[in-house]
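Colleague: Would you mind keeping the following structure in view while I ask a few things?
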Amino acid sequence: MAFLEATSVAKRYGGIVALGGVDFAAERGEVHALLGENGAGKSTFIQVLAGSVRPDAGSIRLGGAEYRPADPRAARAAGVAAVFQELSLVPDLTVAQNVWFRREPLSRLATARRSALIERTEALFARYRFPDIAPDREVRRLSLADRQVVEIAKALAGDPSVLILDEATSALAPRETEWLLDLARSFARSGRLVVFISHRLGEVRALVDRVTVFRNGETVGAYPIGAVSDETMIADMLGRRLDRLYPERHATATARLALKVRGLSAGAALKNVDLDLREGEVLGVAGLQGHGQQALFQALFGALRATGEVEVWGKPVSIRNPRRALSPALGLALVPEDRRGQGLLLSKSVRENLTLSVIPRFSRFGLLSARREKALVDEMIAFLQIKAKTPEQPAGTLSGGNQQKVIFGKMLLTEAKILLLFDPTRGVDVGTKGEIFRLMRDLAAKGYAILFYSSDLSEPVHVADRVAVMRNGAVAAVLAGEAVTEEGILRAAMVERAAA
Amino acid sequence: MAPLSRHRAILLAYGAMIALLLVTSIFSPGFLSPGHLRSIVVLAAFIGIVALGQTFVIIGGGIDLSVPWVLNSAAVLMTLFAAGQDAPLLWIVPLLLAAGALVGAVNGIGIAVFGVPPIIMTLAVNVILQGGILVYTGGSPAAAAPPLIQYLAVGRIGVVPVIGVVWLVLALLASLVLSRTAFGRQLYAVGTSATVATFSGLPTLRTAIAGYTLSGFTAALAGMLLTGYSGQAYLGMGDPYLFTSIAAVAIGGASILGGSGHYIGTIAGAFVLTILTGLLPALNLSNGALLIVYGAVILVTVSVSSDAFADLFAFVRRRRAAG
Amino acid sequence: AEGKTYKIYLSNNFVGNDWRQQMIRIAELAAKKAPLAGRVDLKVENVETTVQAQINSLNNIIRAKPDAILIDAGSDTALNPTIEKACAAGIVVVSFDQVVTAPCAYALESDWDRIPALMAEWMAKELGGKGKVFIDRGLAGAPISARLQEGYEKVLKNHPGIEVIGYYNGEYALGPEQAGVASLLAAHPEVDGILTQGYGSGAIKALQDAGRKVVPVTAFSYNVTGVTCAETEGAKCILGSNPGYLGAEAIKLAVDVLDGKKPADRHVLVYADFLATDEFKSELYPDAKVQKIALGTNAWKDRPPGLTLPISPDWMEVTAEEAAGN
Amino acid sequence: MTLAARSEPVAADVRPRAARDWTALVVDRAPFLVACAMLLILLGIYSTLQRDVFTLEELNLDTTASLTLLLAATGQTIVLVRGGIDLSIGGMISLGTVIAGTQFGEDPANAALWAVIILAIGVGAGVANGLLISVLRLQPFLVTLATWSILGGTALVILPSDGGSIPSGWTWFGNTGFGGLSTSVWILAALVLFWLWFRATRLGIAIRATGSNERSAYLSGVSLTAVNCATYGLSGLFSALAALYLVTQTGTGSPTVGNGYILNTVAAAVIGGVSLFGGRGGLASTIVGAFILTIIGNLVFVLSISSYWQPIASGVILLAAVLASSLAEKSARRGGM
Ligand SMILES: Nc1ncnc2c1ncn2[C@@H]1O[C@H](COP(=O)(O)OP(=O)(O)OP(=O)(O)O)[C@@H](O)[C@H]1O
Ligand SMILES: Nc1ncnc2c1ncn2[C@@H]1O[C@H](COP(=O)(O)OP(=O)(O)OP(=O)(O)O)[C@@H](O)[C@H]1O
Ligand SMILES: O[C@@H]1[C@@H](O)[C@H](O)OC[C@H]1O
Ligand SMILES: [Mg+2]
Ligand SMILES: [Mg+2]
């Protein structure tokens, strides 16, 4: 009998079958990958393990005993810690308070003293060689990637015997990803179990010992990693073969500048950024985590106040706010970093979310046309293969990858010609990722101009024409042609530090 | 599933309303007489009209505590200017509606543009208006409500009260705006998450301001109509509409934190509150007992329309179906 | 101390109705007009309706060391500790209208025994000792409400033929009175009289809206009531008065006390004439004066409906314009 | 994916290490800091019109004037930080004073017993609110609207209008003091100590966390039922305390007196920077807010504004004060990103 063994676990939401009866078995000492396309049921299964979702049927055994957590507290007490895809941090508490939340070390007065929390946090950070994040900072002020890191610290704080990482690398840049993979490896080596979910097959192959594949809420395969090819895993996940992930890259850039940025500055985040984005070009943006990429995207979208000169299609403009950015005159659209906080109205339907930025497209004299809206929505759902029971399903109940697709679709509907894509494939499965890359290249060929950041460095390398590498809020280098390699990007991102 | 659960709260609010009406009629048979039903419609209409703007404000994520004195000011000024005559209404009514809307817009600008918390902004405006109207008029004006206003408030067309028709028209318009217009869509979005709305390129500020503007407008309208009910304006006539306008929205299924709800629900809320206040004199209870019953009935009513109750109901039904 | 100018504060806990507006206007007038002109330096302090706000305001007033404080109180007992502080500081305290129980303070008010008793007597006579009535309970928690209700009931008890079939809360405002009576009318097909604590015109309007015949009504002396009763076909009314010049009376009392002319009792009652649609002679209170309502004399169509009657105390002339503030 | 082979420790980061983030601290507290500044400005104006403003005597007076509101607002603050609202404060305060007024009698032991009973009723009513909100998943606004009515109604049943009396020992305690400070100042000090302690307890953190993000709190192992019961239970407790202090000032039971505290508790909290959407703000904010309200009252008095203009003046001063802190927050946010 395996250490963690689930049999016929099922969960339905109304008419939606999230889990049709999955089986899963994993041993101590291994890193076990759970794979599947978007909406396959991975997160639901994780939530069952973590006690936040009660299954309709099935049984789970942990360490030989029946395991049936009534709520997240019970799961934590049983030594099961999850890094949830949606994160479980509290924005108004500090990093240290979040890490030790519900496990606070208490003084004699039953208080969790600030200094004690910080000390402990620093010790934990040191023990697992965490990236440097100020323990006293309120989580609200952290970037998504940093939040992801804090969430990991929080899971580790309880010294669990089972660590579940649900797309914990999806927001992490290469260095942090590498760090987390190291951490997971050594965690498993100490005789504990890591369940690892990721859509980046590269890191799965680099990290895990065994894989289990879900499709449509069923278990379709379980293999030792050495015994299975990427093709087989993908075929299991998608139910079809995938010829290639990355599309052909033909140079489609013209000489015409879609975006000309000079001296763009914003506080400490952006310092004198110069940037040229051409018609028909996919310009990658890269750099170490937290070096101003996010600020750059937000500033260009008018969501962050910045100074400097920006020309759009040759005309000097001032991008006061997102509304101005999205206006037909400018035609800039953004896929934002924080999909739950900035991208989606979680309680509203997929339909309302998809069309939120393009209400004028289906209204006349302020009156909405349900028919025209439906046409837009149906087309986009079909095009992006968004897995929703109906367009009326609340966006917050979609799987993480499908939420990301809704945001992507929402942006596409704006018909903006300049696309600011901040990590558009985060949490998206390999099948759809390929579609998105193809789409990006097609759009570029049609004369769109695309600014593209990805936390997965291999993506700009394969998809972008040029890559601007940021460092300390400025553009450190712009790589083109043969120079666009992961090594090249990393070198450019770190060179100054080596010199300093 | 979304449309169902969205309408469920509203349907249940209507269920509660009808149940309340039936229960009430047991205590006093006259309750279902046409005359009394009409009087319920009339009284509910005033709450309903004030709560119309309040619904928009709350859906947009705010709250309007200035309705009592927007209402009262419009009532006092209307009777003062009209001096009992219909003819001047031609300019007075539009003027005061505009003034009400303007006060609402000031609320909205303070809140959306300058970031003053809604509770403080609208509370302060309420106090300032109260003082202002007292300074300006020194009390209630002499004249009775003009005949036209009285007709609108208490007149009837056959068996149908005129104000019921007015309310119905407003309700249809409000529902249309909420469900079928770009503005309505934006309002829900802003109330759900102002950040997401901003990132989606919606005119967040304008939308929020518009909600408050509408609230000022409907409070002023209700104030003028209400003079027709009493036959005159009097100081303090807006006070009962502060909590009732908010409670009607909440009973109608909207979240006080914004982003959800519908005017159709608010209508049921207005009826529930009206029937309740009408029920109580008939019970012949002491003031204290009356309040206890009032609280208990509200609890039961909202429990019955709660999600938890609906879940329980669904669970039992599923069990039953499963055998 | 005769001839001296006294510094007097009037602490008023509520501004939101017509009665209080008139009260303040006439008080301010009394400070300027003969016979008290030059004798008082009056400051009116209006506060929001909470007891705490009035306590805080009174404390501020006490610090300013006035000669006297006049209080229209938000509670008959809750201000007592503060009032005792004022008395201890040597300040003359006169509570009026909504009076307080603190023994050191004068309490100047209408005779709340006489008013409901006489009006109930009138009602019994109108009904010929037989009939069904509604009673207004006023405002929950207000001391005066209970006194009026009990005053009505005490007299009606002597008339076994009269049955109280319903109560409502008129809250001293037109809307609630009208709505309350309307609800009762739905439940009770027959009613022969309504004893209100408020405007009375709301009750009449509710009867008319319900298509009922207008029954005898007791109410308070507001202009609108006088006019409505005079103009409405078949209306029978009696109006008791809580005069709007009570503030002015309080000033006068304070000045008298400061001048050394203390009244015998701390409790000072003010008697204002009743108004009625017909002549009425009370057996319970043979001294009580009941004026017959006459448009243009003691009720005016062109004056504010909320104007309280009578307008002038007998020691000072107040015109209707002055009372109405326009 | 092929990751570049790297030898240096991956945890190292180029970002400068921020030990304590002062800008963030200031930006996050901008509304509170400006509210403090506004309070000082109001006091400054007040001191030009009234002598001896910066004295212990003034502190005693203003604290006594504010303390009932402050006690009730402490409970409301906890509820607001949880992301809820408590209207039942209005009913609970009334009921508390009424029970005190009718039951205390003259025997101190009896009074003490009934004081404990009042506190227990406050906690019980609050826990009932918490249960109704959690178990039936009802809006706090509606639940506490109903319990406000029920508690207020009970007060009226017991005592139809103001009356009853409080033993002189009890009122003496509320109005005495020692060390030059009034009882109210000592109670305020105790309140501050309580808050400094409470906000660092597990419960205090859990309440803030739940107000900040309910779903995250739940996923982290918080029992929403327990948090709601504790939150509203505490609010009930503080309402009961407010009632017990209020009767030392009024010496009587008052069945409707609590209604005046509902909006004022929310206003005091919000003026000082507590967010209605939960998670942000604390007692310091509320204390500043309550004192701003009290000082505005004093100021309007000493400004000798003609009676009709008084409400306008207090509204305008309030708006000006809050506008300043709102604008300060806005600009702090803009500059500090
Ligand atoms: N609360 C809910 N209500 C309705 N449907 C739900 C809910 N939660 C999950 N689902 C549905 O269950 C299915 C499985 O979702 P789940 O989040 O487990 O997928 P996943 O494998 O984690 O996908 P991804 O890779 O995109 O994260 C999806 O179709 C999703 O829409
Ligand atoms: N934000 C939420 N996320 C997930 N589930 C929730 C949430 N809010 C409420 N619930 C559900 O509502 C119920 C109440 O939650 P809560 O955790 O307070 O109670 P419980 O777990 O049933 O009991 P206990 O308090 O003893 O743990 C639970 O069944 C929980 O699953
Ligand atoms: O005495 C009462 C007064 O205090 C209130 O404000 O209005 C009505 C009067 O009868
Ligand atoms: Mg998932
Ligand atoms: Mg639980």
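Only the coordinates and a few stated rules stand behind these numbers; no lab work does. The model shown is predicted, which means the values in this text are computed figures rather than measured ones. Here the Cβ is made from the backbone with ideal geometry for all residues, glycine too, and neighbour counts use every protein chain on show.
Colleague: Considering the dipole of chain A built from charges on the beta carbon (Lys and Arg +1, Asp and Glu -1) around the Cα centre, which of A:Thr397, A:Thr254, A:Phe362 is farthest to its positive end?
Modeller: Result: A:Phe362.
Colleague: Also, quick follow-up: If each residue's Cβ is checked for other Cβ atoms within 10 Å, how do D:Cys229, C:Cys87 rank with the fewest at the top? Intermediate values should be presented prior to the final figure.
Modeller: Values: D:Cys229 20, C:Cys87 17.
Fewest-to-most Cβ neighbours within 10 Å comes out as C:Cys87, D:Cys229.
Colleague: Then there is this: Which are the unpartnered cysteines of the protein assembly as shown, meaning those with no other cysteine Cβ under 4.7 Å from their Cβ?
Modeller: Here D:Cys36, D:Cys229 come out as lacking a disulfide-compatible partner, given the Cβ-Cβ threshold of under 4.7 Å.
Colleague: Taking the Cα centre of segment D:29-336 as origin and charging only Cβ (+1 Lys, Arg; -1 Asp, Glu), how large is the dipole, in debye to the nearest 20? Please report the intermediate quantities before stating the final value.
Modeller: Working: 12 positive and 10 negative charges, 260 e Å.
Here the size comes out at about 1240 debye.
Colleague: What is the magnitude of the charge dipole of the protein assembly as shown about its Cα centre, with +1 placed on the Cβ of each Lys and Arg, -1 on the Cβ of each Asp and Glu, and no other charges, expressed in debye to the nearest 20?
Modeller: Charge dipole of the protein assembly as shown: 3720 debye, to the nearest 20.
Colleague: Which residue fluctuates most in the GNM of chain B (Cα springs below 10 Å): B:Tyr294, B:Tyr229, B:Tyr136?
Modeller: B:Tyr136
Colleague: Between C:Glu190 and B:Ala83, what is the label-to-label distance in nm when each label sits 7 Å out along the Cα-to-Cβ direction?
Modeller: 4.8 nm
Colleague: Also, I was wondering about something else. Between 0 and 90 degrees, rounded to the nearest ten: what's the tilt of helix D:224-250 against the longest Cα principal axis of chain D?
Modeller: Helix D:224-250 sits roughly 40 degrees off the main axis of chain D.
Colleague: Which is the longest run of chain C containing none of the GluC sites (Glu not before Pro) found in DSSP loop states (not H, G, I, E, B) with at most 11 other C-beta atoms within 10 Å? Mind dumping the intermediate values first?
Modeller: On the way: sites that count: C:Glu2, C:Glu190, C:Glu233, C:Glu279, C:Glu283.
Longest gap between qualifying sites, sites excluded: C:3-189.
Colleague: Order of D:283-290, B:18-25 by packing, highest average Cβ count within 10 Å first?
Modeller: Values: D:283-290: 26.8, B:18-25: 16.6.
Taking the mean over residues of other Cβ atoms within 10 Å, the ranking is D:283-290, B:18-25.
Colleague: Related question: Is there a simple number for the mean count of other chain Cβ atoms within 10 Å of the Cβ of residues in C:198-210, and what is it? Walk me through the numbers before you get to the answer.
Modeller: Numbers: counts 0, 3, 0, 3, 4, 0, 1, 4, 1, 0, 1, 8, 6.
Counting Cβ atoms of other protein chains within 10 Å of each residue's Cβ and averaging gives 2.
Colleague: Moving to a separate point now. Determine the shielding of peptide D:86-94 by partner chains: average, over its residues, the number of Cβ atoms on other chains within 10 angstrom of each Cβ. Let's see the in-between values first.
Modeller: Details: counts 0, 2, 1, 0, 0, 2, 0, 0, 1.
What the average comes to for D:86-94 is 1.
Colleague: Shifting gears a bit: Once amide H atoms are placed 1.01 Å from N in the peptide plane, what residues at a sequence separation of 5 or more from C:Leu70, or on another chain, have their amide H within under 5 Å of its amide H?
Modeller: Under 5 Å from the amide H of C:Leu70: C:Tyr9, C:Leu10, C:Ser11, C:Val94.
Colleague: Moving to a separate point now. Using the Cα centre of the protein assembly as shown as origin and beta-carbon charges of +1 (Lys, Arg) and -1 (Asp, Glu), tell me which of D:Phe32, A:Met237, C:Thr319 is placed farthest towards the positive end of the dipole.
Modeller: Value computed over the given set: A:Met237.
Colleague: Compute the angle between helix D:30-49 and the longest alpha-carbon principal axis of chain D, please, reported from 0 to 90 degrees and rounded to the nearest 10.
Modeller: With both axes taken from Cα atoms, the answer is about 40 degrees.
Colleague: Between D:Thr231, D:Thr248, D:Thr201, where does the largest GNM mean-square fluctuation fall for chain D, given springs only between Cα atoms within less than 10 Å?
Modeller: Highest fluctuation among the options: D:Thr201.
Colleague: In terms of Cα to Cα distance under 20 Å, which aspartates and glutamates are near enough to C:Lys7, apart from those fewer than 8 places away along the same chain?
Modeller: C:Glu28, C:Asp41, C:Glu45, C:Asp67, C:Asp72, C:Glu84, C:Glu249, C:Asp256, C:Asp259
Colleague: Need one value for A:390-399: mean number of C-beta atoms belonging to other chains within 10 Å of its residues' C-beta atoms.
Modeller: On the way: counts 3, 1, 6, 2, 4, 1, 1, 2, 0, 0.
So the per-residue partner count for this stretch is 2.
Colleague: Under 18 Å Cα to Cα from C:Lys125, which lysines show up? Leave out anything in the same chain fewer than 8 places away.
Modeller: Excluding near neighbours in sequence, the set is C:Lys154, C:Lys157, C:Lys236, C:Lys281, C:Lys289, C:Lys292.
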